[in-house]
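Read through the structure below, which is laid out as structure tokens, and then see the notes.
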Amino acid sequence: MQKREKILAAIFGAVILIWFGMPVIDSTFIEPVESRQNQLNVLNQQIDQREQKELELLRSASQLGNWSAHSLPPDEHDAQRLYLEWLDDLAELSGFSDIQLTPGRRIRERKTYVAVQVTLKGTATYDQICHFLLHFYQTELLQNIIGLELKSTGTSKANPLQVKLTAEGLALNKAKPREELFPRAKLTTTLDLDSTKMKVQNITEFPNEPPFRIRIDREFLTVSEIADDTWTVARGANLTLPAEHKAGTPFELSPLNQFSEGNTKLQASITQDSKLIKVLSTKYFPKDESYLIKIDDEILNVTNHAAGEWSVQRGVLDTKATAHSKGAAVKEVPRYLQAVFDYRLIAPVNPFAKPVPDKSYKLKLKDILKQNVVKGTALELTVPLEGINPSLAAPEVSVKTELPAMTVQSGKLKWLPPEEQKAGVYPVTITAIQGGQTVEKKFQIELLEKNLPPNIEVPSLVTAYQARPLSLFVKASDPDLPSQKLKFELETEAPAGVMLNSETGEINWTPTASTELKDYPMTIKVSDSGTPPLSTSRKLIVKVVLDDAFFTFLTGSIELDGKKIAWIRNRATNQKREVQVGDTIDVSEIHAIVKTITDKFLILEIDGKPWTLSLGENFRTMRNLTSPSVLN
């Protein structure tokens with residue numbers, strides 16, 4: 001047999017041996033190995049299932065512990081009473097009126113928990129109801145709203161709604177017994193309206209680490225720092241308003257709902273603009289509703305959640321959309337943030353308000369009156385635009401004028417006149433453009449020199465006599481060129497009968513015989529016609545006295561040692577005086593010099609003119625020898 005034939009025979013024999021020996025090898029060696037491998041896989045699966053069950057038990061135990069901590073007190077009567085009081089405070093804080101609270105059913109579930117119900121009725125606006133729901137769902141408490149009825153009283157956003165609300169809280173049997181729903185303490189000192197530091201007492205049951213939220217009356221505050229009995233707080237949290245709180249005012253912990261379940265990772269990286277994300281697991285995330293998730297520092301709203309692939313809205317709750325790498329943690333946000341997001345969705349849209357019809361916007365620029373600007377002062381004029389379309393960009397407003405440095409910003413025209421700018425009238429043109437519409441208006445600006453106040457001259461004291469007319473001119477001048485028109489007026493109350501001519505400044509007054517003898521102060525005010533008008537005031541005192549000239553008479557005359565002597569007597573004071581030629585006589589406002597004395601009359605010189613006073617007459621009946629007029 002040749003060598004080649006021997007090789008073929010050997011190969012053929014080996015094949016025959018393998019063919020018939022394979023079942024023996026398989027049953028002897030391979031099957032036992034595969035059987036052991038299958039048994040090992042089954043054991044591993046059983047181990048995984050048991051570990052998963054243990055994890056579920058641990059998770060359930062942890063959840064039960066958290067629920068117990070945030071449950072109502074275990075005693076169902078305490079639970080309903082405290083829950084009712086808390087809902088009353090929350091309704092008042094939110095602005096409800098006509099509040100009525102009624103205890104409802106208490107539903108016991110074996111030995112696990114009691115569901116406590118409270119019905120709230122009241123009146124509130126849509127905004128106030130939204131505030132109530134925000135505060136309700138932000139609070140870390142096992143509760144829910146199981147019934148809500150709203151009845152509209154009108155079609156305006158401001159119209160109140162009639163509210164009927166049923167809330168249900170859970171009282172777990174394993175919860176810690178307590179007499180208060182949330183821990184309470186008191187202010188040691190008064191907390192002012194704008195203060196950010198508060199001193200507190202009896203705070204053993206409050207958290208040791210900030211931040212956390214508290215409530216004082218109708219205000220929420222966020223505690224950001226703790227230093228012994230002094231807390232640093234942010235005022236007016238969660239849409240409430242800061243207020244002053246007196247020392248001794250109680251406050252309570254108002255914990256935010258931190259509950260969240262979902263936790264997974266990104267299956268693939270995403271860009272800043274991605275609207276779809278893939279995750280490794282959807283377990284423990286909500287199934288039939290939208291919800292918020294957090295990746296790094298960005299919050300996203302999951303709007304559609306197919307298995308492993310979610311449609312998302314990027315950068316919500318004031319966060320910024322950014323790129324995220326594969327394997328980044330994806331967590332469901334706490335419930336209190338979900339409540340804020342839901343509030344922002346429903347608050348702007350009032351379903352009870354009558355829809356606003358589509359509006360046609362026609363841009364209009366109203367007429368602008370002439371603007372007077374005084375040197376040294378600035379002009380700030382709001383451009384009177386109407387028909388602005390809020391859905392478009394703000395109108396572009398421009399100004400055309402020869403006046404330098406005039407600008408238009410945020411709908412306001414501003415101009416500060418340079419010192420060297422000459423006074424005068426200048427034309428200005430304003431143009432506004434929005435959405436293809438262009439409007440234009442022309443007006444004038446008059447630049448005026450700086451106005452100076454008028455000068456006024458008035459005696460500080462004048463004398464007036466009973467039953468005698470007083471006439472006095474107030475002198476005034478305007479230093480501006482050209483001079484402006486002046487106006488006179490009494491700035492303070494004057495005696496009855498005082499008249500002031502507003503154009504000439506003449507004061508006229510005749511005190512009556514019954515006018516009290518005393519000083520009468522009055523203030524004279526002079527105003528110019530400048531821009532702006534300026535004025536100057538001066539005080540004038542009018543002293544009313546008895547009219548001695550009316551009561552002073554010539555009673556007689558004699559000749560003694562060749563000299564003529566005359567007697568004059570004041571019958572009001574019974575004072576007598578002897579006068580000779582050359583003597584001066586001062587009676588009331590009369591200043592006279594005796595020129596001639598006869599048996600029947602005197603000749604007196606007054607202001608260079610001769611006057612005669614007859615025997616038995618008073619000084620008011622004197623006659624002027626150069627005219628028929630009488631000095632009265």
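The values are calculated or read from the model by the stated rules, or taken from the named source; none is laboratory data. Please read all numbers here as calculations on a predicted model, not as lab measurements. For neighbour counting, all protein chains shown are included, and Cβ atoms are generated from backbone atoms with ideal geometry for every residue, glycine included. Calculation scope for accessible area: heavy atoms of the full protein, side chains included, ligands and nucleic acids excluded. Shrake-Rupley method; radii C 1.70, N 1.55, O 1.52, S 1.80 Å.
Of the trypsin sites (Lys or Arg not before Pro) found in segment 478-532, the ones in coil according to DSSP and having at most 11 other Cβ atoms within 10 Å of their Cβ are K485, K518. Rounded to the nearest 10 square angstrom, E261 shows an accessible area of 70 square angstrom against a 1.4 Å probe.
Matching the structure-derived P(r) over Cα pairs in 10 Å bins from 0, in percent against the labelled list [x] 3, 9, 10, 11, 10, 9, 9, 8, 7, 7, 5, 4, 2, 1, 1, 1, 1, 1, 0, 0, 0, 0; [y] 3, 14, 22, 24, 18, 11, 5, 2, 1, 0, 0; [z] 3, 14, 25, 29, 19, 7, 2, 0 gives the label [x]. At the residue level, I597 shows approximately 10 square angstrom of accessible surface with a 1.4 angstrom probe and all protein chains present.
Counting only other residues whose beta carbon sits under 12 Å from that of S391, what net charge do I get with K and R as +1, D and E as -1? Before the final figure, lay out the partial values.
Numbers: positive: K359; negative: D358.
Surrounding charge for S391 is 0.
Relative to the Cα centre, the charge distribution of segment 424-524, modelled as +1 at Lys and Arg Cβ and -1 at Asp and Glu Cβ, gives a dipole magnitude of about 180 debye.
Helix 76-94 and the long axis of the chain differ in direction by around 50°, with both axes built from C-alpha atoms.
Of the GluC sites (Glu not before Pro) found in segment 524-632, those that fall in a DSSP loop while having at most 13 other beta-carbon atoms within 10 Å are E589.
I want the local charge near N301. Using Cβ-Cβ distances under 15 Å, sum +1 for each Lys or Arg and -1 for each Asp or Glu among the other residues. Could the numbers behind the result be given before it?
Values: positive: K275, K294, R314, K320, K331, R335, R344; negative: E289, E298, D318, E332, D342.
Value of the local net charge: +2.
Counting only protein chain heavy atoms and rolling a 1.4 Å probe, the accessible areas of L369, L221, L93 rank, largest first, as L369, L93, L221. Extension gain for the segment T188 to T102, taken as residue separation times 0.36 nm less the Cα-Cα distance, is 27.5 nm to one decimal.
Given 0.36 nm per residue, what is the gain on full extension from Q201 to E578 after removing their alpha carbon distance, in nm? Don't skip to the answer; put the middle values down first.
On the way: separation 377, 0.36 × 377 = 135.72 nm, distance 9.63 nm.
In short, 126.1 nm is gained.
Couplings for segment 219-231, taken from phi via the Karplus curve 6.51 cos²θ - 1.76 cosθ + 1.60 with θ = phi - 60°, read 10, 8, 10, 10, 7, 10, 8, 10, 9, 6, 9, 10, 10 Hz in order; Gly and Pro are left as x.
What FRET efficiency would be calculated for the residue pair V425, T523, taking the C-beta separation as r and a Förster radius of 35 Å, to the nearest 0.05?
On the way: r = 37 Å, r/R0 = 1.05.
The calculated FRET efficiency here is 0.45.
Using only Cα atoms, locate the centre of segment 424-442 and the centre of segment 523-558, then give the distance between them in Å, rounded to an integer. For segment 424-442 versus segment 523-558, the Cα centre distance is 57 Å. Using the alpha-carbon atoms, what tilt in degrees (0 to 90, nearest 10) does helix 3-25 show relative to the longest principal axis of the chain? For helix 3-25, the angle is close to 70 degrees. One Cα centroid belongs to segment 253-276, the other to segment 453-522; the line between them spans 84 Å. Heavy-atom accessible area, probed at 1.4 angstrom with all protein chains present, ranks Y137, Y426 as Y137, Y426, highest first.
Put simply, the amide H of S224, placed in the peptide plane, has neighbours under 5 Å in T232, V233, A234, leaving out anything fewer than 5 places away on its chain. Oblate is the label for segment 285-339, because a/c, from the alpha-carbon gyration tensor with a ≥ b ≥ c as root eigenvalues, is 1.5 or above and a/b does not exceed b/c.
Projecting the Cα atoms of Q575, Y343, F251 onto the charge dipole of the chain (Cβ charges, centred on the Cα centre) puts Y343 farthest toward the positive pole.
Based on the Cβ-Cβ distance of T249 and A393, what FRET efficiency does E = 1/(1 + (r/R0)^6) give at R0 = 51 Å, to the nearest 0.05? Intermediate values should be presented prior to the final figure.
Working: r = 49 Å, r/R0 = 0.96.
After rounding to 0.05, the efficiency reads 0.55.
A simple rule links phi to the HN-Hα coupling: the Karplus curve 6.51 cos²θ - 1.76 cosθ + 1.60 with θ = phi - 60°, which for segment 248-260 gives x, 5, x, 9, 9, 5, 10, x, 7, 6, 8, 5, 7 Hz, with x for Gly and Pro. The trypsin sites (Lys or Arg not before Pro) of segment 573-610 that DSSP puts in a loop, and whose beta carbon has at most 13 other beta carbons within 10 Å, are K600.
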